[in-house]
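Any read-out appearing in this document is the output of simple, stated calculations on the displayed coordinates, not a laboratory observation. All of these numbers come straight from a predicted model, not from anything done at the bench. Note that we place each Cβ from the backbone using ideal geometry, even for glycine, and neighbour counts take in every protein chain shown.
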Amino acid sequence: MGSAVMMESNLLGGAQDFSIQPFVYSRSITDARLSWEQTLPVLAKVAAAVRARRAVTS
């Protein structure tokens, strides 16, 4: 089997310093994340790869 990968995204990309307030809504305070705009093309590539794989194995 292949390896698993986790992708996390928020509406806003990057990360913010939790010691600086007020917080920016929808930006991670733990670790950097992809923005929604960055996430969409990644999901499109994954979907295309799944379709291609299914076409070969069906």
Worksheet, complete the sentence: When restricted to Ser26, Ser9, Ser3, Ser35, the only residue in contact with a helix residue (DSSP H, G or I) (Cβ under 7 Å, 6 or more places away or on another chain) and of a type in the set (Gly, Ala, Ser) is Ser9
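In the stretch 33-58, which residues are of a type in the set (D, E, K, R) and within 13 Å of Gly13 (Cα to Cα)? Spell out the reasoning first.
We begin by selecting, within the stretch 33-58, every residue of a type in the set (D, E, K, R); these are 33, 37, 45, 51, 53-54.
Of everything in the stretch 33-58, those that are of a type in the set (D, E, K, R) and within 13 Å of Gly13 (Cα to Cα) turn out to be Arg33, Glu37.
Mind checking which residues of the stretch 30-58 are within 29 Å of Ile20 (Cβ to Cβ) and either part of a helix (DSSP H, G or I) or in contact with a Cys (Cβ under 6 Å, 6 or more places away or on another chain) (or both)?
Keep residues of the stretch 30-58 that are within 29 Å of Ile20 (Cβ to Cβ), which gives 30-40, 42.
Within the stretch 30-58, Trp36, Glu37, Gln38, Thr39, Leu40, Val42 qualify.
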Practice prompt. Output the number of the condition that Val24 fails; it satisfies all remaining conditions of (1) touching a residue at least 12 places away in the same chain (Cβ under 8 Å); (2) outside any loop (DSSP other than H, G, I, E, B).
Written response: (2)
